[in-house]
Amino acid sequence: MKEYTNAIELRDVTKKYDGFTLDRISFNVPKGCIMGFIGQNGAGKTTTIRSLLHITNIDGGEIKMLGLDHIGDEQEIKDRISVVLDDIPFHEMLTAKDIGRIFEGLYTRWDNSVYQQYLKRFGLPEKKKTGQFSKGMKMKLQIACALSHNAELLIMDEPTAGLDPIIRDEILHIFMEYLQDGERSILLSSHITSDLEKIADSVTYIDNGKILISGYKDELLESHGVIKCSKKELSNIDSTDIISVRINAYGAQAMVWDRQAVQYKYSGHMIEPTTLEEIMLFYVNRDKKEWS
């Protein structure tokens, strides 16, 4: 089995549609890490995931997963990864027991005993048709399937969207358990940045088909910050230090990309810590410079 450093590598990946282009995107998901893939609806997250899975044919660039070519080694890759989607893929007439039998025939490393353990842990009935499951139960069933064949990589598109906080927290805890051996990796596409702040090691922001920023979560949170000041004071701050500015009735909030350097240059201003959600908002509005 081929050794690899990055579970996922994208290099200049391009996909063109009428009205939308995935524009030469590049990023890595290091082995043993959870990467949060962040963006608004329509930003390109799902197109990227479909490209990874070769559901969509890319127009240019290169994709590797587990050190393998995503087209030439597609069959091996798909035996070694798991995918969890927001759209539930199971026919509503199937039971959890039926689905277990189907997956046993699909994956060479399927472990029915592990599957049974997850069904029990999640309180999922074996013989009840999935059409009668709640959304939370259906998502847990997807995750039970995803974790029952010793997959080295999980790719998930909005797996916690629409779920209540208690179920979301339980699922996030399971993802952390899954990573404990250091050999497994997760790409987690989500717009729920609070979930990613809890568990992600690194994050990649995408907007309008372009990568805005990518890096380790703690480093991004440490380097970025927000200056709160009056509109008059804002004019004293060099525009090259600022990503964008949010204007409100009380003054201005300016996000800076190098908090330490800016604190040194403008020692009279307090630079406050930021969040993943704020970073996304300020970068998405970067072309406006000022927004409200």
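Some notes on this structure:
- Candidates S214, S267 - the one that is within 24 Å of T160 (Cβ to Cβ), open to solvent by 50 Å² or more (accessible area, probe 1.4 Å) and not in a helix (DSSP H, G or I): S214
- Of residues in the stretch 173-195 being touching a strand residue (DSSP E or B) at 6+ places or on another chain (Cβ under 9 Å) and assigned to a helix (DSSP H, G or I), the one surrounded by the fewest Cβ atoms within 10 Å (Cβ to Cβ): M176
- Selection from the stretch 270-292 of residues that are exposed (fewer than 14 other Cβ atoms within 10 Å of the Cβ) and either on the phi > 0 side of the Ramachandran plot or of a type outside the set (A, V, I, L, M) (or both): E272, P273, D287, K288, K289, S292
- Residue in the stretch 105-125 that is in contact with a Gly (Cβ under 9 Å, 6 or more places away or on another chain), among the aromatic types (F, W, Y) and assigned to a loop (DSSP other than H, G, I, E, B) present: yes
- When we screen F122, F133 for residues that are of a type outside the set (K, R) and free of Cβ contacts under 8 Å to residues at least 12 places away in the same chain, the only hit is F133.
Yes/no per residue for (1) in a helix (DSSP H, G or I); (2) in contact with a Cys (Cβ under 7 Å, 6 or more places away or on another chain); (3) among the basic types (K, R):
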{"site": "T47", "(1), (2), (3)": "yes, no, no"}
{"site": "I63", "(1), (2), (3)": "no, no, no"}
{"site": "I77", "(1), (2), (3)": "yes, no, no"}
{"site": "I99", "(1), (2), (3)": "yes, yes, no"}
{"site": "F103", "(1), (2), (3)": "yes, yes, no"}
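- Whichever residue in the stretch 10-45 is part of a loop (DSSP other than H, G, I, E, B) and either open to solvent by 30 Å² or more (accessible area, probe 1.4 Å) or of a type in the set (K, R) (or both) and, among such residues, is nearest to G182 (Cα to Cα): K31
- Flag if K140 is in contact with a Ser or Thr (Cβ under 6 Å, 6 or more places away or on another chain) and either in a helix (DSSP H, G or I) or without any contact (Cβ under 8 Å) to a residue 40 or more places away in the chain (or both): no
- Selection of the stretch 67-122 for residues being open to solvent by less than 70 Å² (accessible area, probe 1.4 Å) and of a type in the set (D, E, K, R) yields D69, D73, E74, D79, R80, D86, D98, D111.
- Scope the stretch 143-166; condition open to solvent by 10 Å² or more (accessible area, probe 1.4 Å) and either small (G, A, S) or in a helix (DSSP H, G or I) (or both); matching residues: A161, G162, P165, I166
- Where a residue in the stretch 182-197 is under 19 Å from A146 (Cα atoms) and its partner, wherever it lies, is open to solvent by 40 Å² or more (accessible area, probe 1.4 Å), with Cβ under 7 Å and at least six apart: S185/K31
- Count of residues meeting criterion [in contact with a Lys or Arg (Cβ under 7 Å, 6 or more places away or on another chain) and of a type in the set (A, V, I, L, M, F, W, C)] in the stretch 32-82: 4
- Of all residues in the stretch 220-258 being within 15 Å of E277 (Cα to Cα) and charged (D, E, K, R), the one that is least open to solvent (accessible area, probe 1.4 Å): R246
- Applying a threshold of 9 Å to beta carbon distances and a minimum spacing of six or more residues, or different chains, the list of pairs starting in the stretch 269-290 at a residue that is within 13 Å of A254 (Cβ to Cβ) and ending at one that is aliphatic (A, V, I, L, M) and surrounded by fewer than 17 Cβ atoms within 10 Å (Cβ to Cβ) reads E290/I247.
- Residues in the stretch 181-193 that are on the phi < 0 side of the Ramachandran plot and out of contact with any Leu (no Cβ under 8 Å at 6 or more places or on another chain) were compared, and the one that is modelled with the highest pLDDT is S189.
- The stretch 196-211: number of residues that are out of contact with any strand residue (DSSP E or B) (no Cβ under 8 Å at 6 or more places or on another chain), buried (at least 18 other Cβ atoms within 10 Å of the Cβ) and more than 15 Å from W291 (Cβ to Cβ): 0
The values are calculated or read from the model by the stated rules, or taken from the named source; none is laboratory data. Predicted model only: the values in this text are computed from it and were never measured. As a convention, Cβ positions derive from the backbone with ideal geometry for all residues, glycine included, and neighbour counts pool all protein chains shown. With ligands, DNA and RNA removed, areas are computed over all heavy atoms of the protein, side chains included. Shrake-Rupley method; radii C 1.70, N 1.55, O 1.52, S 1.80 Å.
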